[in-house]
Amino acid sequence: MPTLNWVGKDEVLRYNPPYHTLEKKYTFNAKNSDNMIIKGDNLLALKALLPQYENKIKCIYIDPPYNTGNENWVYNDNVNSPKIKKWLGEVVAKDDLSRHDKWLCMMLPRLKLLHRLLSDDGVIFISIDDNEMANLKLLCDEIFGLNNFIDVLHWKRKKQPSFLAKHTAKVMEYVIVYAKNWNNLGKLSIETLSDATKKVINLTNQNSIRHFNSGVRVKCFNNGVIDKGIYTIKTMSIEYLNDVIIKDGKTINEVDVKALFCVSQEKIDKYIKENLLYITANKSLRRDISEDEKNNKKAITDLLLDWGDNQDSEKELKEILDYKVFDYSKPKLLISNLIQSATDKNSIILDSFAGSGTTAHAVLELNKKDGGNRKFILVEMEDYAENITAERVRRVIKGYGKEPENSATGGDFSFYELGDRLLEENGNLNENISIEKIREYIYFSETKEKCEHKGSDFLGECNGVAYYFLYKKDEITTLDFEYLANLKKASSYVIYADVCVLSNETMMKYNITFKKIPRDIKKV
């Protein structure tokens with residue numbers, strides 16, 4: 001498999017960012033909430049999420065800097081490398097000859113943490129354009145595995161191309177899609193949202209009507225002839241389609257459906273022959289799942305037309321916040337469709353480049369529509385995390401616009417900021433950290449599980465091993481026979497303390513592993 005090399009890659013691969021705590025500042029619209037908005041560096045925030053959310057996130061959507069040279073993003077990871085330290089605090093400009101190296105150094109550790117957070121049946125969607133598309137694809141192949149690549153979706157981001165374009169007028173961007181594990185992936189059903197059940201014509205059968213939760217205005221198949229790009233569909237079965245075939249009070253028998261495809265004519269013909277080709281409301285190619293593929297849980301998705309564009313997102317933000325915020329935020333429809341395609345009603349969705357909070361808006365609206373209990377986690381490092389990101393979510397929850405009672409989604413969230421690092425640079429415990437947060441970290445570092453026990457030395461038991469953390473902030477703790485007598489029965493033990501006075505024979509007899517505080521604490 002081809003690999004990508006760049007300046008700083010080796011140093012970044014060796015870099016292990018420090019573990020910081022997350023400090024809750026307030027909860028909006030509830031006493032407690034599992035929905036999170038985190039203000040802070042997203043690399044450190046993702047690391048801080050590991051104890052509770054490793055392998056738990058069903059869907060990740062990120063919209064990182066495109067590295068166009070016009071975004072004013074700054075590389076700020078404190079990697080221990082002289083050449084990388086020279087980059088710190090400098091805006092990455094278009095004429096910066098190292099801007100691709102900086103972008104890859106920024107993305108690599110974040111994608112590695114996102115991979116750890118993604119569940120075994122999870123999916124990640126990454127928005128990108130031509131500036132870093134090729135580099136991102138190779139980087140994701142390396143991190144997620146080439147076998148877990150699903151697709152590169154093409155999203156129409158503008159209604160009309162720019163007439164000022166120097167060479168080509170671009171209207172498309174990309175959404176790269178990877179699974180954590182292809183074999184565990186459920187069906188990706190890319191469909192537009194609709195309050196009512198709509199219809200889809202099976203193109204290989206003139207009299208067959210299929211029902212999906214997506215809208216389409218079609219007539220029928222024209223003698224099996226497919227003309228790439230534009231379909232004119234006629235039907236003999238019109239009774240199910242009177243919502244689209246009645247015009248000016250008269251029944252008509254033709255409706256044009258325009259569709260663009262990024263697959264070959266050979267594949268289109270194959271899908272028709274195998275009864276796998278459908279047209280959906282977003283005018284994208286949909287390949288339905290055969291029985292064999294259902295067993296392997298594989299699916300294909302393609303072109304994203306009419307999924308909102310930049311003008312829509314600008315209008316949405318202006319309506320919610322009363323003023324223009326960003327030039328290139330993503331429309332809610334795009335994020336909603338991606339989330340709905342890859343999640344169920346109880347999934348956790350993460351966005352670590354949260355921007356204006358579109359992902360939270362999409363999650364809350366989906367929950368309102370179908371009664372779901374999806375949870376969101378947003379991370380935003382810029383100062384607007386509170387007055388734009390969180391403010392948008394507050395207004396969405398309570399309602400906005402001329403009829404706020406209709407736009408209100410309900411819901412809640414807790415707002416967090418990045419706290420202190422748990423281990424000092426010399427490896428010692430930061431004594432300003434609460435004992436419960438230290439206990440949580442210790443147990444996770446040993447087991448990769450969440451610590452459920454509170455208020456005692458006992459952290460929990462995993463795979464027959466009982467874990468104890470004998471720690472007092474202002475006292476030296478000792479593992480001795482008196483302490484040993486009070487332990488619960490287990491196959492073996494891992495015990496943290498300051499001092500151990502037990503003999504080697506006793507340690508072997510009871511299968512005890514002693515770890516000295518704080519020198520033996522693992523780094524996550």
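Out of ALA196, ALA179, ALA165, which single residue is small (Gly, Ala, Ser), buried (at least 16 other Cβ atoms within 10 Å of the Cβ) and at pLDDT below 95?
Of the residues listed, the single one that is small (Gly, Ala, Ser), buried (at least 16 other Cβ atoms within 10 Å of the Cβ) and at pLDDT below 95 is ALA179.
Are any residues in segment 313-329 closer than 13 Å to ALA362 by Cα and open to solvent by 10 Å² or more (accessible area, probe 1.4 Å), and if so, which ones?
Once the filter is applied, which keeps residues that are closer than 13 Å to ALA362 by Cα and open to solvent by 10 Å² or more (accessible area, probe 1.4 Å), segment 313-329 yields only GLU316.
Which count do you get for residues in segment 334-356 that are crowded, with 20+ Cβ neighbours inside 10 Å, farther than 19 Å from ASP129 by Cα and not polar (S, T, N, Q)?
Residues in segment 334-356 being crowded, with 20+ Cβ neighbours inside 10 Å, farther than 19 Å from ASP129 by Cα and not polar (S, T, N, Q): 5 in total.
If GLY419 satisfies all but one of (1) open to solvent by less than 20 Å² (accessible area, probe 1.4 Å); (2) closer than 28 Å to VAL363 by Cα; (3) in a helix (DSSP H, G or I), what's the number of the condition it fails?
(3)
Return the pairs, sorted by first residue and then second, in which the second residue is assigned to a helix (DSSP H, G or I), the first residue lies in segment 323-335 and is within 13 Å of TRP155 (Cα to Cα), the beta carbons are less than 6 Å apart, and the residues are 6+ apart or on different chains.
From segment 323-335, the pairs are LYS330/SER313; LYS330/THR358; PRO331/ASP312; PRO331/SER313; ILE335/THR358; ILE335/THR359; ILE335/ALA362.
Take the residues of segment 87-122 that are modelled with pLDDT of 90 or more and either on the phi > 0 side of the Ramachandran plot or basic (Lys, Arg) (or both): which is most open to solvent (accessible area, probe 1.4 Å)?
So the residue we want is LYS112.
Give the residues of segment 68-86 that are open to solvent by less than 30 Å² (accessible area, probe 1.4 Å) and touching a strand residue (DSSP E or B) at 6+ places or on another chain (Cβ under 9 Å), sorted by residue number.
Of everything in segment 68-86, just one residue is open to solvent by less than 30 Å² (accessible area, probe 1.4 Å) and touching a strand residue (DSSP E or B) at 6+ places or on another chain (Cβ under 9 Å), namely TRP73.
Output the residue which, of all residues in segment 288-344 that are in contact with a strand residue (DSSP E or B) (Cβ under 7 Å, 6 or more places away or on another chain) and part of a helix (DSSP H, G or I), is modelled with the lowest pLDDT.
Among those residues, the one meeting the criterion is ALA342.
Just checking, how many residues over segment 368-417 are touching a helix residue (DSSP H, G or I) at 6+ places or on another chain (Cβ under 6 Å), among the charged types (D, E, K, R) and under 21 Å from LYS315 (Cα atoms)?
Number of matching residues: 2.
Given the structure, is LEU104 under 19 Å from the mean Cα position of the chain (by Cα) and farther than 28 Å from LEU305 by Cβ?
Values: under 19 Å from the mean Cα position of the chain (by Cα): yes; farther than 28 Å from LEU305 by Cβ: yes.
Considered against the rule, which asks whether it is under 19 Å from the mean Cα position of the chain (by Cα) and farther than 28 Å from LEU305 by Cβ, LEU104 comes out as yes.
Go through segment 88-101 and give me each residue that's assigned to a loop (DSSP other than H, G, I, E, B) and without any contact (Cβ under 8 Å) to a residue 24 or more places away in the chain.
LEU88, GLY89, GLU90, LEU97
Could you tell me which of the residues ASP498, ASP480, ASP474, ASP457 is charged (D, E, K, R) and either crowded, with 18+ Cβ neighbours inside 10 Å or touching a residue at least 60 places away in the same chain (Cβ under 8 Å) (or both)?
ASP457
On the given criteria, is SER414 of a type in the set (S, T, N, Q) and closer than 30 Å to ASN80 by Cα?
No.
If the Cβ limit is 9 Å and pairs must be 6+ apart or interchain, which residue in segment 393-414 that is on the phi > 0 side of the Ramachandran plot pairs with which residue that is part of a helix (DSSP H, G or I) and small (Gly, Ala, Ser)?
Final answer for the pair search is GLY399/SER407; GLY401/SER407; GLY411/ALA360.
Condition first: surrounded by 15 or more Cβ atoms within 10 Å (Cβ to Cβ) and β-branched (Val, Ile, Thr). Now tell me which residues in segment 507-524 satisfy that.
Matches in segment 507-524: ILE512, ILE517, ILE521, VAL524.
Is it the case that some residue within segment 54-62 is open to solvent by 50 Å² or more (accessible area, probe 1.4 Å), more than 17 Å from the chain's Cα centre (by Cα) and closer than 30 Å to LYS450 by Cα?
No.
Please find, within segment 19-53, the residue that is nearest to HIS100 (Cα to Cα) out of those that are part of a loop (DSSP other than H, G, I, E, B) and either among the small types (Gly, Ala, Ser) or open to solvent by 30 Å² or more (accessible area, probe 1.4 Å) (or both).
Filtering segment 19-53 for residues that are part of a loop (DSSP other than H, G, I, E, B) and either among the small types (Gly, Ala, Ser) or open to solvent by 30 Å² or more (accessible area, probe 1.4 Å) (or both), the one nearest to HIS100 (Cα to Cα) comes out as ASP41.
Inspect segment 63-86 for any residue being more than 22 Å from the chain's Cα centre (by Cα), of a type in the set (Lys, Arg), assigned to a loop (DSSP other than H, G, I, E, B) and modelled with pLDDT under 95 and give the result as yes or no.
Yes, some residue in segment 63-86 is more than 22 Å from the chain's Cα centre (by Cα), of a type in the set (Lys, Arg), assigned to a loop (DSSP other than H, G, I, E, B) and modelled with pLDDT under 95.
I'd like the full set of residues that are in a helix (DSSP H, G or I) and either open to solvent by less than 40 Å² (accessible area, probe 1.4 Å) or closer than 11 Å to ILE320 by Cα (or both), limited to segment 399-413.
Matches in segment 399-413: PRO404, SER407.
The values are calculated or read from the model by the stated rules, or taken from the named source; none is laboratory data. Everything quoted here is computed from the prediction, not taken from an experiment. Backbone-built Cβ (ideal geometry, glycine too); neighbour counts: all protein chains shown. These accessible areas exclude ligands, DNA and RNA; they are computed on the full protein's heavy atoms, side chains included. Shrake-Rupley method; radii C 1.70, N 1.55, O 1.52, S 1.80 Å.
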